[in-house]
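Some notes on the structure that comes next.
The values are calculated or read from the model by the stated rules, or taken from the named source; none is laboratory data. Note that this is a predicted model, so its numbers are computed, not measured. Cβ: placed from backbone, ideal geometry, glycine included. Neighbour counts: every protein chain shown.
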Ligand SMILES: [Zn+2]
């Protein structure tokens, strides 16, 4: 068996791991978009380092685009095999791929027209990674898989999904294959969830594998101990919306983060603690995704299921309003009424959140609460640097709003959570843990903490004989 990590090695995006089995079959675990550099999205993802026609099956851990976003391009280039994932991942994947394609189309159109002096010059249009027909062809290849039920891939190979936490439908993969007279096993954690996070279950350990490919996103970093999500939200609402009559603006990813925040606000409402202010969910993708979370209550954690039994609803409560319409979004953004606005994208790169930040960043009564990881180079990261001025649409603006950060809604385990998971999953038979899905600092820090199994930081494109 051979393993080659073609993405998320030394970085966090573009997850794509190739497993070459002794029976000559090739399996891809995830096929995500590398979006380290937004301006070179097509260049960085167009070509695969292997012939797509020679991949026999894809196993998809979850629906985030850095794990599924390049699947339609794989199909466009000749992949015809099955794509295995959970039913919830299938539905989320469709919405996320559609959203990703519409962003590609918008970017391509923007790049087509450039001004040269006063004359508008039309550039040759940039190619897209795929078209709508490839998205639909991709979805037709998807096979739904249940958690905990082994799926036979070939006569000598099977895999089983375990709950990864992280987002709705996310799975870890435990694979068993026979080589000669020997059974070999390999696990892929996919992205793991944060212990005790809202909505999703805690990550579930897999049976001890011979080899494990593990995420290491938060290696060397620790979530704050004092970060109960309800306390964090209530504190900022009281301070900004009640104390200052201002707006609390929360940039949040459309899948996972937005739902966790809305559920937490609903809990505060049910406990009678939420002040009578309006809460706006302002992302079309988040609105679709929130509906899907409600359809898969059986996959969510016990706290959510108990809440549903008591109140008959997870997300809907009187203070909550969804802004499907862009004009309404613009009105709310500049209106004086105190409110909470939850909008995408989480790193303040693209999406409606940009308008909310632009309209409120120079307002001393507003707070911008960053609720997730912001990669270096993103606008969210710039805000967290504590700058006094920032450039938005080429115009310098003073930062008068309060810029705050919380990791109470993190969707990944921290250093201690990762070590806990790895100790529970790895056993004496584990010959090697390969670390992926992190910057080099985080993987190195996690490696230092692992003294219960041999560990290696996976190198991109290097083939490991297992
Ligand atoms: Zn993810």
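Looking across 207, 203, 150, one residue alone is modelled with pLDDT of 95 or more and buried (at least 24 other Cβ atoms within 10 Å of the Cβ). It is 203. Here residue 81 meets each of (1) over 14 Å from the mean Cα position of the chain (by Cα); (2) under 21 Å from residue 150 (Cα atoms); (3) assigned to a helix (DSSP H, G or I) with one exception, condition (3). Exactly one residue among 60, 71 is within 20 Å of the chain's Cα centre (by Cα), more than 25 Å from residue 204 (Cα to Cα) and at pLDDT 95 or above, and that residue is 71. Being at negative phi, within 16 Å of the ligand (Cβ to nearest atom) and in contact with a helix residue (DSSP H, G or I) (Cβ under 9 Å, 6 or more places away or on another chain): is that true of residue 141 here? In short, no. Of note, residue 200 does not satisfy the criterion of being more than 13 Å from the chain's Cα centre (by Cα), away from the ligand (no atom under 14 Å from the Cβ) and assigned by TED's automatic domain parsing to the domain that holds residue 149.
Scanning region 153-186 for residues that are at positive phi and either in the same structural domain as residue 259 (by TED's automatic domain parsing) or surrounded by fewer than 23 Cβ atoms within 10 Å (Cβ to Cβ) (or both) returns a single hit, 180. When region 144-171 is limited to residues that are within 16 Å of the ligand (Cβ to nearest atom) and not in a strand (DSSP E or B), the one that is nearest to residue 202 (Cα to Cα) turns out to be 165. Would a scan of region 279-287 turn up a residue that is more than 18 Å from residue 319 (Cα to Cα) and either in the same structural domain as residue 375 (by TED's automatic domain parsing) or within 16 Å of the ligand (Cβ to nearest atom) (or both)? Scanning region 279-287 turns up at least one residue that is more than 18 Å from residue 319 (Cα to Cα) and either in the same structural domain as residue 375 (by TED's automatic domain parsing) or within 16 Å of the ligand (Cβ to nearest atom) (or both).
Here region 410-437 is the region considered, the condition is being part of a loop (DSSP other than H, G, I, E, B), more than 14 Å from the ligand (Cβ to nearest atom) and out of contact with any strand residue (DSSP E or B) (no Cβ under 7 Å at 6 or more places or on another chain), and the residue that is farthest from residue 224 (Cα to Cα) is 429.
Name the residues in region 45-70 that are away from the ligand (no atom under 16 Å from the Cβ), in contact with a helix residue (DSSP H, G or I) (Cβ under 8 Å, 6 or more places away or on another chain) and part of a loop (DSSP other than H, G, I, E, B), would you? Once the filter is applied, which keeps residues that are away from the ligand (no atom under 16 Å from the Cβ), in contact with a helix residue (DSSP H, G or I) (Cβ under 8 Å, 6 or more places away or on another chain) and part of a loop (DSSP other than H, G, I, E, B), region 45-70 yields 46, 48, 55.
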